[in-house]
Amino acid sequence: MKTIAIGVIGAGLIGRKHLAKIAAHPDFELVGIADVNAEQVAAQNPDARVFADYRAMLDEARPDAVIIASPNQLHAENGVECARRGIHILIEKPVTDRLETATALIEATRAAGIRSLVGHHRRHHRQVATLRALLNEGRIGDLVGVSAIWAVHKPEAYFKAAPWRTQAGGGPVLINLIHEIDFLRFSVGEIVAVGAVLSNRRRGFPVE
Ligand SMILES: NC(=O)c1ccc[n+]([C@@H]2O[C@H](COP(=O)([O-])OP(=O)(O)OC[C@H]3O[C@@H](n4cnc5c(N)ncnc54)[C@H](O)[C@@H]3O)[C@@H](O)[C@H]2O)c1
């Protein structure tokens with residue numbers, strides 16, 4: 001029997017993966033998809049109720065829980081609207097695009113008493129669990145430092161496909177590096193200081 005009614009906001013690159021997982025899970029019922037690109041999404045998901053306005057999806061399809069897979073800049077607003085309706089959320093990373101909106105979202109989820117989970121899937125990988133256990137048991141010894149290099153070159157098409165990725169609130173730090181930042185915080189501990197030099201010289205986007 002299907003026990004959890006789920007809605008999805010944003011049926012893009014990652015939203016489609018979430019939709020496939022929902023379809024494959026025996027307990028989950030997809031009750032609605034919200035995407036501004038409603039016509040195309042409806043054609044790709046002929047059995048689903050598709051809404052152009054995510055608030056209409058929340059009010060009419062009445063999901064128990066929602067997966068927020070919209071552009072980063074919309075996460076806070078989407079999450080607050082879910083919280084106001086008592087709907088639990090799995091919110092894609094980054095939690096939001098700015099600290100202020102993250103604070104507002106956390107307050108809204110606490111006030112509503114809903115459950116929330118961020119799409120930092122690496123926390124659930126076995127290798128990460130093993131590393132944490134080794135560190136906690138002291139089997140690696142006292143950790144005095146971590147040396148890590150993260151380097152990536154996203155193809156041009158990645159930015160052309162979704163212009164929000166090139167704007168403030170997008171960019172490779174919040175979209176991609178955030179996974180490694182979360183991984184370090186989760187396995188090693190909280191960050192106390194950051195130093196950085198950013199440049200947009202490579203592509204000339206408003207973001208780094
Ligand atoms: N956890 C992961 O590994 C992972 C991987 C990829 C992306 N993400 C995150 O998922 C989110 C989406 O990324 P993506 O690459 O799938 O982006 P995308 O651009 O491919 O998809 C976003 C979708 O949201 C829709 N959308 C835009 N405005 C909307 C609105 N107002 N209401 C409803 N739908 C709207 C777009 O039409 C599009 O279909 C981002 O926050 C990204 O950081 C997470």
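The values are calculated or read from the model by the stated rules, or taken from the named source; none is laboratory data. These numbers come from a predicted model, not from an experiment. Methodologically, a virtual Cβ is constructed for each residue, glycine included, from the backbone with ideal geometry; neighbour enumeration extends over all protein chains shown. For the accessible areas, the whole protein counts, side chains as well, though only heavy atoms, and no ligand, DNA or RNA atoms are used. Shrake-Rupley method; radii C 1.70, N 1.55, O 1.52, S 1.80 Å.
Our estimate of slack between Ile191 and Val173, defined as 0.36 nm per intervening residue step minus the Cα-Cα distance, is 4.9 nm. Rounded to the nearest 10 square angstrom, Leu174 shows an accessible area of 40 square angstrom against a 1.4 Å probe. Between the listed residues Gly169, Phe183, Val152, the Cα displaced farthest toward the positive end of the dipole of the chain, a dipole computed from Cβ unit charges relative to the Cα centre, is found at Val152. Using 7 Å Cα-to-Cβ label points, what is the Leu131/Val152 separation (nm, one decimal)? Computed distance between label sites Leu131 and Val152 equals 1.5 nm.
Per-residue ellipticity at 222 nm for the chain, helices alone: DSSP H runs ≥ 4 residues times -39500 (n - 2.57), over residue total, nearest 500 deg cm²/dmol?
Rounded to the nearest 500, it is -11000 deg cm²/dmol.
The largest-to-smallest principal axis extents of the Cα set in segment 1-69 are 31, 24, 20 Å. Volume per residue of the convex hull around the Cα atoms, evaluated for segment 144-187, comes out as 76 Å³. Scattering from segment 133-208 was approximated by placing one identical point on each alpha carbon and applying the Debye formula without solvent; log10 I(q)/I(0) at 0.17, 0.24 1/Å stands at -0.78, -1.22. Projected over all directions and averaged, the alpha-carbon convex hull of the chain occupies 13.9 nm². Of the residues Asp97, Asp142, ranked by 1.4 Å probe accessible area with the largest first, the sequence reads Asp142, Asp97. The alpha-carbon atoms of segment 4-119, seen along their principal axes, cover 38, 25, 23 angstrom, with the largest extent given first.
Against the criterion of solvent-accessible heavy-atom surface with a 1.4 angstrom probe, Phe51, Phe28 sort, most first, into Phe28, Phe51.
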